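Report on the following structure.
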Amino acid sequence: MFRNVLAATLGNLARNRLYAAISIGGLAVGMAAAILTGLYVRGATIQQGRLLDLLCAVAVMLAGLGLFGLASFTVERRTKEIGVRKAMGASKADVTRLLLWSFSRPVLWANLIAWPLTWQALQVWLEGFSRHIDLQPWMFLVSAAAALLIALATVLAHTLRVAAAKPVRALRYE
Amino acid sequence: MLKLTDIAKSYRTTEVETRALDGVSLEIGAGEFVAIMGPSGCGKSTLLNILGLIDTPTEGSFLFLNEEIASHSEDKLTKLRRAHIGFVFQSFNLIDDLTVAENVEVALIYRGVAARERKQRVAEALDHVGIAHRAKHRPQQLSGGQQQRVAVARALVSRPKLILADEPTGNLDTANGEAVMGLLQGAVDAGATVVMVTHSLAHAAEARRTIKLLDGRVVSETLLAA
C-alpha cells in the first residue's frame, strides 16, 4: 500500500509541478520558521535584531506563498465568470482591475485588523527600553503599502494571464 | 450584417489537428432569426463563438457590420462585442456571487451606462422576462427556467443588434423553453438579429431560416415561408 501511495504522490508532483513547488517551498519556509522560533526560545546566540529581521522575512514569504496559492485557486474558480464578463464586453483592463481589487481587499482587511494589535504589542515592547522611538501613523501606512505591493506583485502573473486569454477558453471550461 | 466566406477553424493539440469548421460561407441579414442545427460536434458552437467574436477563425473572411474582423486584435473585438452582441448560453452562465439584478447589470456596466439609467433598465428588463420579484435573489435560488430568463434579460438589456443563443432551451422543460423562445422572438420583432443553435426541431421551426451543419460544413439551408 505504501508503495502505491508513494507512486501516486510522485505522479501528482510531476503533473502539478508549480503547485508542488509552492507547497514544498511553503513547507520548507514553515519549517525554517519553526526552527528559528525554537532557536529564539532557547535563547540562542544570534543577535536579537538580526533574528527579528529573519523572522519578518520568513513571515512575509509565508504570506506571499499563501497569497500566490490563493490567487491560483481564485483565478481557477472564477475562470467561467471571467469568460462570461469578457463575453459581456469586459476588456483586459476591466478583468485585471476586478481581479487585483479582489486580491487587494483581503490584504487591506488584514492590515486593518493588524494595526491595533501591532500598535498595542509594539507599545508594550518599546516600554521595555529606557530610550525608545515613538510610533508614528506613517509607519503603519508604509507597511500596509508594502504589503499591498508585495501582494499585487505576487498575483500579477496569474491576473495578466487570465485577462489576456480568449473568452472562449474560459467558457469552454465547465 | 454578418458575412462569412470560407471560414475554417482548426484546433491543434500536440498530435492531432481537429477541423471544427471547414469552408463555411453564409450571410445573415439584419433582423433575421436563424437557427443552426446539426449533430453534436459538428461545429455549431464553434460557429456561434466566431459569430460572437469570442473566438477567431483560422482561415477565411468574416465581415461583421461590413468590417473585416479576421485581423482584429482582441481589444477591437471586445469593443465590437460590447457594442453589438448579447449572449444566451445553454448552461445560463450567470455569476453565482452576484444577485439576479447585478447579473443583468454587468452587461450595462461594461457599456458605460450611468448608474441611474442602469437601475432603471435592469428593472425594465427583469420585468420584461417576468422575474422582477426575484431581483435580489442569487442564481442558485432560482429554477433553471428562471435562470435562463435572467440570462435572456442580461442579453436584451443592452439592446444589442445581434443576439447569439447556444442551445438556450437545451436544459429547460417545455413550458420554460417556450417562454424563452417567446422572448427571443420578441427581440426579433423589436429589430434584433437572433442566431440560435438548437437540437429542437420545433424551436428551429420558429426561426425564419435553418442552417444545417455536418462535420464542420453547411449541408443545407431551409428558408421558412413568412
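The values are calculated or read from the model by the stated rules, or taken from the named source; none is laboratory data. Keep in mind that what you see is a predicted model, and the values were worked out from it rather than measured. When we count neighbours, we look across all protein chains shown, and the Cβ atoms used for this are built from the backbone with ideal geometry, even at glycine.
Here are some notes:
- Among the conditions (1) without any contact (Cβ under 8 Å) to a residue 12 or more places away in the chain; (2) more than 9 Å from chain A (Cβ to nearest Cβ), residue B:64 misses just one, which is (1).
- Number of the exception - residue B:145 against (1) farther than 23 Å from residue A:97 by Cα; (2) out of contact with any Phe, Trp or Tyr (no Cβ under 8 Å at 6 or more places or on another chain); (3) within 14 Å of chain A (Cβ to nearest Cβ); (4) not hydrophobic (A, V, I, L, M, F, W, C): (3)
- Filtering region B:13-37 to residues that are more than 23 Å from residue B:187 (Cβ to Cβ), in a loop (DSSP other than H, G, I, E, B) and not aliphatic (A, V, I, L, M) leaves B:13, B:14, B:15.
- Among strands (runs of 3 or more DSSP E) entirely within region B:182-226, having at least 3 residues that are surrounded by fewer than 21 Cβ atoms within 10 Å (Cβ to Cβ), without any contact (Cβ under 8 Å) to a residue 24 or more places away in the chain and not aromatic (Phe, Trp, Tyr) singles out B:217-223.
- Members of region B:62-90 that are of a type in the set (A, V, I, L, M, F, W, C) and either crowded, with 17+ Cβ neighbours inside 10 Å or farther than 23 Å from residue B:19 by Cα (or both): B:62, B:64, B:65, B:69, B:77, B:80, B:83, B:85, B:87, B:88, B:89
- Entry remark, region A:85-99: residues being more than 7 Å from every other protein chain (Cβ to nearest Cβ) and more than 11 Å from residue A:162 (Cβ to Cβ) number 2 in total.
- Selection status of residue B:111, within 26 Å of residue B:183 (Cα to Cα), in contact with a Phe, Trp or Tyr (Cβ under 8 Å, 6 or more places away or on another chain) and within 14 Å of chain A (Cβ to nearest Cβ): no
- Residue that is nearest to residue A:89 (Cα to Cα), among those in region B:65-100 that are in a loop (DSSP other than H, G, I, E, B) and of a type in the set (Ser, Thr, Tyr): B:73
- Subset of region A:131-174 [touching a Ser or Thr at 6+ places or on another chain (Cβ under 6 Å) and not in a helix (DSSP H, G or I)]: A:173
- Residues of region A:119-174 satisfying the condition of being among the hydroxyl-bearing types (Ser, Thr, Tyr) and either surrounded by fewer than 11 Cβ atoms within 10 Å (Cβ to Cβ) or touching a residue at least 60 places away in the same chain (Cβ under 8 Å) (or both): A:130, A:154, A:159, A:173
- Within the set B:219, B:180, B:194, the sole residue that is modelled with pLDDT of 95 or more, in contact with a strand residue (DSSP E or B) (Cβ under 9 Å, 6 or more places away or on another chain) and not charged (D, E, K, R) turns out to be B:194.
- Selection over region B:114-130 of residues that are touching a residue at least 12 places away in the same chain (Cβ under 8 Å) and either at the interface with another protein chain (Cβ under 10 Å from one of its Cβ atoms) or assigned to a loop (DSSP other than H, G, I, E, B) (or both) gives a count of 2.
- Residues in region B:39-61 that are away from every other protein chain (no Cβ under 13 Å) and crowded, with 22+ Cβ neighbours inside 10 Å: B:43, B:44.
- Filter pass, residue B:15 being among the acidic types (Asp, Glu), at pLDDT below 90 and surrounded by fewer than 22 Cβ atoms within 10 Å (Cβ to Cβ): yes
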